[in-house]
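The values are calculated or read from the model by the stated rules, or taken from the named source; none is laboratory data. Computed from a predicted structure; not experimentally measured. Please note: Cβ atoms are built from the backbone with ideal geometry, for glycine as well, and neighbour counts cover all protein chains shown. The area values use the complete protein model at the heavy-atom level, side chains included, leaving out ligands, DNA and RNA. Shrake-Rupley method; radii C 1.70, N 1.55, O 1.52, S 1.80 Å.
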Amino acid sequence: MATDLHRAVTIQGLTRSFDGRAVIDRLDLTLRAGEFTALLGHSGCGKSTLLRVLAGLDRDISGTVLVPKRRAVAFQAPRLMPWKRVWRNVLLGLPGKPERAVAERALEEVGLGHRSGAWPKTLSGGEAQRASLARALVREPDLLLLDEPFGALDALTRIKAQRLVAELWQRRGCAVLLVTHDVDEALLLADRALVMRDGVIAYDTAIGLDRPRTAGDPGFAALRARLLSELGVNEGTPGVHAA
């Protein structure tokens, strides 16, 4: 666990290799407590691998990684067990025998209290993602890890989910690391944007825009252009974000 109260994550010299190739290569990174950080980069650059390391799901590493004991992760796929009702899915993996009320409080927080007794197959995509967020929040995390949680949602549901995450972060005050391909999403949500390239953090910038944000805010376009440039993306390409 991190010893500095102002730091949620401290990484020094982190390396993770697959078949002799370093996907993460002696990476150094500090994430501050309470900070919302977005991590961008091309597919295969190591973003999701880094998130899995921070979540404790990948331990075949070298280097130093200090993280809070209380951390939780939500993936693009909600990963709900179809044979368990929503409230039971929210409690999966919690120690002891927590009561249903614990799950229902978390579900209320994400606007899904009315669906606590439903079967996962009856949920919409947005509802399933909210159930996944509730399962993460019920752990009272000091570090919330989000691996492209909005990637499979339609445009309108995605906007609603982004706003929900922003509200939850402001209410909870935990550190958040969001892995995303979407530059606009990063600029709308995060305090800080990182670009990962060749297994390291190649670019790191603060996002000093007032909240709540829109794409029309002063300074948004300049930040967007810089991030796209760091990602090697032509801003004039229709429909391109950062994939």
Condition first: outside any loop (DSSP other than H, G, I, E, B) and of a type in the set (Val, Ile, Thr). Can you find one or more residues in segment 141-157 that meet it? yes
Residue hits (segment 60-77; within 13 Å of the chain's Cα centre (by Cα) and open to solvent by 20 Å² or more (accessible area, probe 1.4 Å)) are ARG71, VAL73, PHE75, GLN76, ALA77
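Being within 24 Å of the chain's Cα centre (by Cα) and within 21 Å of GLU167 (Cβ to Cβ) is the requirement here; does GLY93 meet it? Spell out the reasoning first.
On the way: within 24 Å of the chain's Cα centre (by Cα): yes; within 21 Å of GLU167 (Cβ to Cβ): no.
It is false that GLY93 is within 24 Å of the chain's Cα centre (by Cα) and within 21 Å of GLU167 (Cβ to Cβ).
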Single unsatisfied condition, VAL195 versus (1) touching a Gly at 6+ places or on another chain (Cβ under 7 Å); (2) at pLDDT 95 or above; (3) part of a helix (DSSP H, G or I); (4) not polar (S, T, N, Q): (3)
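So is LEU164 touching a residue at least 24 places away in the same chain (Cβ under 8 Å) and either farther than 30 Å from ILE61 by Cα or surrounded by fewer than 16 Cβ atoms within 10 Å (Cβ to Cβ) (or both) or not? Please lay out each step first, then the result.
Details: touching a residue at least 24 places away in the same chain (Cβ under 8 Å): yes; either farther than 30 Å from ILE61 by Cα or surrounded by fewer than 16 Cβ atoms within 10 Å (Cβ to Cβ) (or both): yes.
Against the criterion (touching a residue at least 24 places away in the same chain (Cβ under 8 Å) and either farther than 30 Å from ILE61 by Cα or surrounded by fewer than 16 Cβ atoms within 10 Å (Cβ to Cβ) (or both)), LEU164 qualifies.
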Could you figure out which of (1) within 20 Å of VAL176 (Cβ to Cβ); (2) surrounded by 20 or more Cβ atoms within 10 Å (Cβ to Cβ); (3) free of Cβ contacts under 8 Å to residues at least 60 places away in the same chain; (4) touching a Lys or Arg at 6+ places or on another chain (Cβ under 7 Å) isn't true of LEU145? (3)
Give the number of residues within segment 78-96 that are among the hydrophobic types (A, V, I, L, M, F, W, C), open to solvent by 60 Å² or more (accessible area, probe 1.4 Å) and in contact (Cβ under 8 Å) with a residue 24 or more places away in the chain. 1
Residue check: is GLU127 of a type in the set (D, E, K, R) and touching a residue at least 24 places away in the same chain (Cβ under 8 Å)? no
Only one of LEU57, LEU31, LEU39, LEU137 is among the hydrophobic types (A, V, I, L, M, F, W, C), open to solvent by 60 Å² or more (accessible area, probe 1.4 Å) and under 17 Å from the mean Cα position of the chain (by Cα), namely LEU57
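Of GLU99, GLU109, GLU35, which residue is without any contact (Cβ under 8 Å) to a residue 40 or more places away in the chain and of a type outside the set (Ser, Thr, Tyr)?
On the way: GLU109 fails: without any contact (Cβ under 8 Å) to a residue 40 or more places away in the chain; GLU35 fails: without any contact (Cβ under 8 Å) to a residue 40 or more places away in the chain.
It is GLU99.
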Just for segment 102-131: of the residues that are modelled with pLDDT of 95 or more and either under 23 Å from ALA8 (Cα atoms) or of a type in the set (S, T, N, Q) (or both), which one is surrounded by the most Cβ atoms within 10 Å (Cβ to Cβ)? ALA106
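Return the residues of segment 188-233 that are of a type in the set (A, V, I, L, M, F, W, C) and within 14 Å of the chain's Cα centre (by Cα); say none if nothing qualifies.
Filtering segment 188-233 for residues of a type in the set (A, V, I, L, M, F, W, C) gives 188-190, 193-196, 200-202, 206-207, 209, 215, 220-223, 225, 227-228, 231, 233.
LEU188, LEU189, ALA190, ALA193, LEU194 - these are the residues of segment 188-233 that are of a type in the set (A, V, I, L, M, F, W, C) and within 14 Å of the chain's Cα centre (by Cα).
Of all residues in segment 198-223, which are farther than 23 Å from LEU29 by Cβ and not aromatic (Phe, Trp, Tyr)?
Applying the first criterion (farther than 23 Å from LEU29 by Cβ) to segment 198-223 yields 210-222.
Those that are farther than 23 Å from LEU29 by Cβ and not aromatic (Phe, Trp, Tyr): ASP210, ARG211, PRO212, ARG213, THR214, ALA215, GLY216, ASP217, PRO218, GLY219, ALA221, ALA222.
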